[in-house]
Structure formats: C-alpha cells, structure tokens
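Where a number appears in this text, it was derived from the coordinates with a stated rule and is not lab data. What you see is a predicted model, and the numbers here were worked out from it, not measured in a lab. Neighbour counts are summed over all protein chains in view; Cβ atoms, including those assigned to glycine, are modelled from backbone coordinates with ideal geometry.
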Amino acid sequence: MELPVLDRKTTLALLLLLPGCRTIHPSKMTHGMIHKIFGIAILVVIVLGSFGCAEQPTPYRPPTADYQTAAPSIESPTPPPTAQSSVTMPAQPTPPCTDSLSYLEDVTFPDGAIVQPGASLDKRWLIQNSGTCNWDERYRLKFVSGADLGAPLDQALFPARSGTKTTLRVNFTAPSEPGTYQSAWQAYNPQGQPFGDPISLQVVVSTSVP
C-alpha cells in the first residue's frame, strides 16, 4: 500500500493531535503512526466540514416579474367607402303660364252707335292674347254686367295662341224700347278666374235712325 505523502508542516500539525500531545520527530515516525495520523486528519476534515463548511441555504428571492406596460393599440377607424353614385338633379318645374287679354278696338258697332229697336247686332272686337297661355276650348267668355241683350250668358272664348290677335264675336238683339244700353263681358280661364280687359257693347236704340 502506497502511503500518502505529507509535507513537513502538515506532519507537525497532526503530531500535536496524537494522544498525550507528545512531540515526535518526523525521522522517528513509523508506518503505523503515519497511518494513524492520516486517519485522524480525515476525521478532523470531516468534522470541521460538517460544522463550519456547511452549505448556507440560498435565501428565496421571488422572481421579479418583468412588467412592461404595453401601449394600447389604437386602430385607426377605417373611413367608409365613398359612394360613387351619380346625383340626378331634379327636373326644374315648368313655371305656370299667365293669362291675359288686351282689348285693341271695336270692329263693328263702336260705342254710341244708333240702332233700330229689335235690330240684330253682330258685335265684333279685335283683341290680343297678351299672356303666355294658349286659349283652348276650356276658356270662356261670360256676361258680367249691364243688359245681356239676348246673348248666351256663357260661351266659348275664341281659341288663340299666346301673342296672337283674334276677333271675338257675339250676336245681340236690340231692345224694343228706345234708350242707351250697355253689355259688359269678361274672359275666364279653366280655373274659373277672370283675366284681361273686359269688353263691352254700348248702343243707342232709337226709332229715328238716319
């Protein structure tokens, strides 16, 4: 068996641990003494290690949470799709036309004409459709004042386009009694509204007609 090699200082220190604390010179040590010293040294190391070199417990440290505040993600609102629809402009309503009648002149029997009692009177007026509406069969000529002199009180207005001239004609009968007589008439549109200049007949009934 090969014995462990001890240095001088270690050998002297172990000799102090022998029973009786006797000092033995290294040159006088036997193999049995060396084995005994080596065994004592091992025991000393074991004992000292169990008391002084005990592993210290590592204190518990809770793990540090790495909190990183995440910035909230804000989603940009998606703009709604642009409607590419064609905008149809509403049709402009046609402005209503206007009704108007302008008296121009008497064609027959001017005012103050002398007629015989009971004579037939073919009265005519030259007028103009001075409005923007065209006269059709719905337009009327109505008696409004004076003496009707036997004429229908409501009759058709002669058709005429806007801006044109025309001749109105009404047949009257002279009264049997002498005197001055007048008959006034007015044009009416389809809505029953009067419009334009009134027209009239004015005659003198006399038995002494030249």
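A simple count of charges around residue 202, restricted to other residues whose Cβ falls under 12 Å of its Cβ and scoring Lys, Arg +1 and Asp, Glu -1, yields -1. Computed extension gain for residue 138 through residue 122, at 0.36 nm per residue and net of the alpha carbon distance, reaches 3.4 nm. Once the chain from residue 113 to residue 154 is taken as fully extended at 0.36 nm per residue, the excess over their C-alpha distance is 12.3 nm. For a label point 7 angstrom out from the Cα of residue 147 toward its Cβ, which stretches of the range 156-192 have the backbone nitrogen within less than 14 Å? Answer for the range 156-192: 172-184. Summed over all non-identical Cα pairs, the Kirkwood treatment of the range 101-205 gives a radius of 14.0 Å. Farthest towards the positive end of the charge dipole of the range 101-205, among the residues 121, 192, 164, is the Cα of 164, using unit charges on the Cβ of Lys, Arg, Asp and Glu. Give me the net charge of residue 104's neighbourhood, meaning all other residues with Cβ under 15 Å from the Cβ of residue 104; Lys, Arg count +1, Asp, Glu -1. Net of charged neighbours comes to 0. For the peptides 97-107, 123-133, residues were scored by their other Cβ atoms within 10 Å and the scores averaged per peptide; the highest-first order is 123-133, 97-107.
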